[in-house]
């Protein structure tokens, strides 16, 4: 979630010193929802047809997210095209969170009061979206861009380890 909010709010601000084409970065931002929507539908269909399990999809999305975040700081220094690939790659794997949240909510809380529970779970995005720019600005002053992205990668890796440990014996996902 941390990297999702970083991408949404700071992808352009971070890249502007290295990629001085504002229109290009705006184009990257325009493609983010398109790629996210296509990937969300694609993976939802794959889960429904049981090409992938939910467990596999969760592990895939978080591990790729962690890997991409670890290269985030260096990529705009290399190539603007590679930066677009990185940001759209992040958009594709992060879009899976929206496809997996209702399923996870159903499995964790059950069918009783599903709408209320899902609404509460989804409202975390609203709260995090309000708090994140304030927190990231403070972190940015202390850590700098490199460690901000590295911390995002580390948090994703820690989440992956916890999820793999929690899902190890779960068979119904």
So for the range 39-59 (the condition being within 21 Å of residue 84 (Cβ to Cβ), at pLDDT 95 or above and within 16 Å of the chain's Cα centre (by Cα)), does at least one residue qualify? no
Among (1) touching a residue at least 24 places away in the same chain (Cβ under 8 Å); (2) over 19 Å from the mean Cα position of the chain (by Cα); (3) under 23 Å from residue 66 (Cα atoms) - the single one residue 125 does not satisfy: (2)
Return yes when residue 125 is touching a helix residue (DSSP H, G or I) at 6+ places or on another chain (Cβ under 7 Å) and surrounded by 14 or more Cβ atoms within 10 Å (Cβ to Cβ) and no when it is not. no
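The values are calculated or read from the model by the stated rules, or taken from the named source; none is laboratory data. Bear in mind that the values here come from a model prediction, so they are computed numbers and not experimental data. FYI the Cβ positions are ideal-geometry reconstructions off the backbone, even for glycines, and counts take in every protein chain you see.
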